[in-house]
Structure formats: structure tokens, C-alpha cells
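Engineer: Take a look at the following structure, please.
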Ligand SMILES: Cc1cc2nc3c(=O)[nH]c(=O)nc-3n(C[C@H](O)[C@H](O)[C@H](O)COP(=O)(O)OP(=O)(O)OC[C@H]3O[C@@H](n4cnc5c(N)ncnc54)[C@H](O)[C@@H]3O)c2cc1C
């Protein structure tokens with residue numbers, strides 16, 4: 001079933017309370033958008049996603065346009081009457097192959113243009129594709145770009161706070177276009193810095209820095225710099241790999257890992273083994 005044909009489950013209303021751009025003007029626009037949900041039966045946790053339903057009419061006679069966004073933060077109000085969820089939304093555009101014209105992505109532009117006070121319809125919650133391994137000695141390798149940081153923030157908080165005492169090694173590789181794009185990780189909203197003291201946690205932020213270099217190249221370089229360690233970890237049966245963000249994240253990782261594996265074929269075989277053994281999960285979107 002395609003994204004557009006999906007039948008919507010129960011939906012409820014959410015009100016936008018905040019919308020702020022977190023990337024600099026000359027870069028892709030990513031906004032942090034906060035929604036207040038006052039429907040008592042809807043309860044969310046970070047790392048899950050919600051569906052945002054865009055009001056029609058839609059092109060090509062599509063009945064619905066619903067797209068999913070990961071909950072980066074969730075705060076239940078003091079008396080439990082409402083929950084505030086924060087989303088990180090990248091404003092998408094695509095080029096029509098036939099006409100060559102540039103079209104705005106429907107849901108991401110709807111969300112990025114929405115103003116505080118506006119009510120929207122949401123569905124879900126939907127489960128995170130990333131399952132925390134039961135064994136606290138498991139090693140975790142997280143690889144992401146852009147808004148793909150949202151499920152990892154939730155994941156890292158979960159293992160160090162809710163679960164506690166994580167013994168396995170945790171590595172986060174995150175590619176960004178500029179230091180400014182790392183804002184979400186570094187400002188007062190950022191809880192990842194809380195874990196830099198954990199002996200098992202290391203984060204590697206690749207920053208492109210140059211105008212024509214994308215976040216995926218920055219990610220590739222930061223994996224290459226640490227490829228031996230990552231490759232070594234992947235050979236261990238208790239290492240799990242998680243990937244999130246734009247589809248190009250996958251190609252960038254393949255390039256970096258093919259080098260250390262010795263060839264594209266060797267990396268392909270190693271990755272297939274990880275998938276077969278249930279040690280590879282990904283959440284990729286265009
Ligand atoms: C579980 C999950 C979690 C996600 N979390 C996030 C998140 O936290 N933040 C985030 O920003 N995104 C997230 N996404 C991606 C998000 O759901 C949307 O896919 C994204 O915002 C684009 O949706 P859109 O409606 O704006 O664009 P659409 O209008 O659906 O277009 C999307 C893309 O489809 C292609 N496309 C569509 N129509 C055409 C056409 N006619 N011709 C050529 N190409 C076309 C283009 O590549 C375009 O960029 C997530 C996706 C999933 C599955």
C-alpha cells in the first residue's frame with residue numbers, strides 16, 4: 001500500500017503552541033514544532049511517531065495526505081490534562097522529473113507554515129522501529145542525519161534514564177551541514193550532553209562546513225575516521241545498528257563501511273548478516 005492510500009485510524013485534534021526555525025537561513029529549513037494534545041485517550045512517548053493529516057483537497061484524487069513525524073520530546077502537563085509533543089520537521093521540496101518544476105512537499109510545508117494557535121488533526125501514536133535490546137551489555141551503533149536525530153535522542157534517554165546502568169558501548173554518528181545545524185543537540189533543549197559523562201557513550205558529530213558539502217558527506221567522514229572501531233564492534237554478536245534520517249544516509253554509510261570492509265561486496269555481505277540476525281534497523285525517508 002502506498003503512503004497516499006493508507007487508511008487513517010482514529011484521529012484527534014492538536015493545537016500548535018510553538019514553531020521555531022532551528023537551522024540558519026541559507027540551509028535547509030528545519031523547524032521545532034510543539035503541539036498540545038488535550039485528548040485524554042492519546043498518550044505518547046518520545047521515539048514514537050504521530051501522523052499529521054493535511055486537510056484536502058489533494059492532487060491526483062487522493063483521499064488523504066498523512067505523513068509521520070517522530071516525537072522528539074513529550075511533556076505531560078502537571079495535572080496530566082494535556083501532553084505537549086515536539087517534532088523536528090524538515091521543509092521538503094521535490095523536482096518533477098517530467099516538467100522539471102519544483103513542488104513543495106505537502107505535509108512538511110503544511111506543518112512548517114502552520115501558526116501558533118492553529119488546530120490540526122493527528123493520528124497514532126505509532127511504535128518506534130527501534131527496539132532496545134533486552135541485554136544491557138549490548139553495543140549500540142546509531143547513525144543519522146538531520147531530523148533523524150529525533151528517534152536517537154529518545155533512545156539514548158531511555159537506555160541511560162528509564163532503563164539505567166547500560167554496560168554496552170554506545171556510539172552516535174550524526175552528520176550536519178554546519179555547526180549551527182547541531183543547535184538542536186547543543187542548546188538548552190539538548191539532553192544528549194548529559195550523557196557525555198557516561199563511560200560507554202561517545203557521539204561523533206560530522207560537520208560539513210563548506211557550502212557544497214552535504215550532511216551525508218560529513219557523516220561519511222566521521223564514520224571513516226572511526227571505521228575500524230565500528231567495524232570491530234559490528235563483528236561482535238551483541239552489537240545492534242540503528243539508522244535514521246534521509247535516504248542518502250544509507251549510501252553515505254555504505255561508502256564509509258565498504259572502505260573498511262575491503263570492498264562493496266564484503267560490506268554488503270556483512271550488512272546482510274546484521275539484517276538476518278535482527279541486528280540492523282532503519283528508519284529512512286525522502
Ligand atoms: C516513521 C517515520 C518518521 C518520520 N519522522 C520524520 C521527522 O521526525 N521529521 C521529518 O522531517 N520527517 C520525518 N519523516 C518523513 C515524513 O513523514 C515525510 O515523508 C516528509 O516530511 C515529506 O512529506 P511531505 O508530505 O512534505 O512530502 P510529499 O508531498 O509526500 O513528498 C515527499 C517526497 O516524495 C517524493 N515525491 C512525492 N511526489 C512526487 C512526485 N509527483 N514526483 C516526484 N517525487 C515525488 C519527493 O521525493 C518528495 O520529497 C518520517 C517518516 C517516517 C516513515
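All of the numbers you see were taken from the coordinates with simple rules; none came from a lab. All values reported here derive from a predicted model rather than from experimental measurement. For neighbour counting, all protein chains shown are included, and Cβ atoms are generated from backbone atoms with ideal geometry for every residue, glycine included.
Engineer: Compute the distance in nm between two label points, each set 7 Å from the Cα along the Cα-to-Cβ direction, one at residue 75 and one at residue 119.
Structural biologist: In this crude spin-label approximation the distance works out to 2.3 nm.
Engineer: At a 10 Å Cβ-Cβ cut-off, how would you order 68, 171, fewest neighbours first? Intermediate values should be presented prior to the final figure.
Structural biologist: Values: 68 18, 171 21.
With the sparsest Cβ surroundings first, the list reads 68, 171.
Engineer: When a footprinting reagent is the concern and you count Cβ atoms within 10 Å, what order do 77, 258 take, fewest first?
Structural biologist: Values: 77 11, 258 18.
By the 10 Å Cβ count, ascending: 77, 258.
Engineer: Order these by the 10 Å Cβ neighbour count, fewest first: 93, 110.
Structural biologist: On the way: 93 11, 110 19.
Placing the least packed residue first, the sequence is 93, 110.
Engineer: Could you work out the relative contact order of the stretch 9-55? I mean the mean sequence separation of Cα pairs under 8 Å and 6+ apart, divided by the number of residues, in percent.
Structural biologist: Working: 41 pairs, mean separation 15.7, N = 47.
After rounding, I find 33 percent.
Engineer: Multiply the residue separation of residue 101 and residue 12 by 0.36 nm, subtract the distance between their alpha-carbon atoms, and state the gained length in nm to one decimal.
Structural biologist: Working: separation 89, 0.36 × 89 = 32.04 nm, distance 3.46 nm.
Between residue 101 and residue 12, full extension yields an extra 28.6 nm.
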